[in-house]
1. If you go through region 150-188 one residue at a time, how many are touching a Lys or Arg at 6+ places or on another chain (Cβ under 8 Å), crowded, with 23+ Cβ neighbours inside 10 Å and aromatic (Phe, Trp, Tyr)?
2. Only one residue in 195, 145 is within 25 Å of residue 110 (Cα to Cα), of a type in the set (Gly, Ala, Ser) and modelled with pLDDT of 95 or more, so which one is that?
3. Of all residues in region 59-69 being part of a loop (DSSP other than H, G, I, E, B) and open to solvent by 30 Å² or more (accessible area, probe 1.4 Å), which is nearest to residue 170 (Cα to Cα)?
4. What about residue 147, is it over 21 Å from residue 172 (Cβ atoms) and open to solvent by 80 Å² or more (accessible area, probe 1.4 Å)?
5. Tally the residues that are among the hydroxyl-bearing types (Ser, Thr, Tyr) and in a loop (DSSP other than H, G, I, E, B), restricting the search to region 70-119.
6. Return the pair list, or none, for Cβ contacts closer than 6 Å from residues in region 28-54 that are in a helix (DSSP H, G or I) to residues that are among the small types (Gly, Ala, Ser), at least 6 apart or on different chains.
7. Taking the stated definitions as given, is residue 111 in contact (Cβ under 8 Å) with a residue 40 or more places away in the chain and either at positive phi or open to solvent by less than 70 Å² (accessible area, probe 1.4 Å) (or both)?
8. Out of (1) in contact with a Ser or Thr (Cβ under 6 Å, 6 or more places away or on another chain); (2) among the aromatic types (Phe, Trp, Tyr); (3) without any contact (Cβ under 8 Å) to a residue 12 or more places away in the chain, what's the single condition that is false for residue 141?
Amino acid sequence: KHEMSAVYQGEMVGREEELSRLAGFVEPLWQGRFAGFLSLTGDAGIGKSRLVQAFYSSSLFEEHRALWGFCMADQVLRRSFNPLRGWLLRYFGILQNQSLEERRRAFDSKLDELLASLPDPELVRELDRTRSILGALVELYWDDSLYSQLDAEARYNNTFLALIALVKAESLRQPFILSVDDLHFVDPDTIAFLSQLKRSLSASPERYPVAVLLTYRRQGIDFQEGDDLADAAINLAGITLADVSRLAETLLGGPSSLELGS
């Protein structure tokens with residue numbers, strides 16, 4: 001598993017059906033297959049990210065091993081591939097206070113360990129070829145590298161190839177779940193990558209056990225990309241009064257009044 005950026009306190013109530021649907025959606029992973037893309041939508045504050053966190057922490061992942069990659073959008077910073085950059089920094093274990101050499105060692109160590117474990121020579125060659133492309137996404141650069149020799153268009157195209165190869169490679173070691181939060185704030189290049197990733201994985205659905213979760217809201221914004229990408233959808237509505245009362249009891253440490261529950 002990988003770390004969940006947001007941490008929520010207390011028990012989540014009223015989402016048992018949604019958790020069951022998420023478990024059903026990722027079921028193909030345990031047979032080594034591509035599960036597809038699932039959209040998780042609802043109003044702001046309805047609990048989309050909370051549901052993903054509860055799923056990540058559920059007992060399902062005590063029974064089944066999986067790697068999670070969390071991509072968090074930034075409403076203000078719409079830099080190209082920004083959510084993926086944040087995930088890659090965590091994936092490679094690169095910290096802000098590290099020196100350049102320490103960051104390079106962390107990057108090379110993680111990638112070399114991945115390459116040594118892969119059963120697919122073609123993926124090994126592709127990841128080694130695009131090493132400097134992945135490095136550039138975490139602000140690492142080398143003289144005379146492939147990245148330094150390419151023009152802007154070629155760098156852009158090779159970024160897609162490098163990221164797709166990385167996702168495929170990790171999925172061969174263990175099922176991989178990519179979670180993209182606040183998709184409605186994601187930059188266009190990340191949307192384009194997700195589209196290409198889906199096409200590539202769909203071409204060999206029996207080979208790469210990958211699932212992609214997309215959380216976003218439709219209300220108040222003109223956003224259709226998530227609907228276009230999704231193979232399945234969960235739309236979160238409000239919880240019942242009984243669940244509200246149960247939540248109040250959890251927070252208050254005892255039974256709530258009828259007036260509070262209503």
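The values are calculated or read from the model by the stated rules, or taken from the named source; none is laboratory data. From a predicted model like this one, the values you see are computed outputs, not experimental measurements. When we count neighbours, we look across all protein chains shown, and the Cβ atoms used for this are built from the backbone with ideal geometry, even at glycine. We work out accessible area using only protein heavy atoms, side chains counted, and drop any ligands, DNA or RNA first. Shrake-Rupley method; radii C 1.70, N 1.55, O 1.52, S 1.80 Å.
1. Total satisfying the criteria: 0.
2. Working: 195 fails: within 25 Å of residue 110 (Cα to Cα).
145 is the lone residue from the list that is within 25 Å of residue 110 (Cα to Cα), of a type in the set (Gly, Ala, Ser) and modelled with pLDDT of 95 or more.
3. Start the filter on region 59-69 by keeping residues that are part of a loop (DSSP other than H, G, I, E, B), which leaves 59, 64-66.
Now drop any that are not open to solvent by 30 Å² or more (accessible area, probe 1.4 Å), which leaves 59, 64-65.
On the way: 59: 22, 64: 15, 65: 12 Å.
Filtering first and then ranking leaves 65.
4. Values: over 21 Å from residue 172 (Cβ atoms): yes; open to solvent by 80 Å² or more (accessible area, probe 1.4 Å): no.
Taking the combined requirement at face value, the residue does not satisfy it.
5. Step one: of region 70-119, the residues among the hydroxyl-bearing types (Ser, Thr, Tyr) are 80, 91, 99, 109, 117.
Among the residues that remain, those that are also in a loop (DSSP other than H, G, I, E, B) are: 80, 99.
Result for region 70-119: 2.
6. 28/35; 29/35; 29/211; 48/42; 49/6; 52/179
7. Details: in contact (Cβ under 8 Å) with a residue 40 or more places away in the chain: no; either at positive phi or open to solvent by less than 70 Å² (accessible area, probe 1.4 Å) (or both): yes.
When the stated conditions are applied, residue 111 does not pass them.
8. All conditions are met except number (1).
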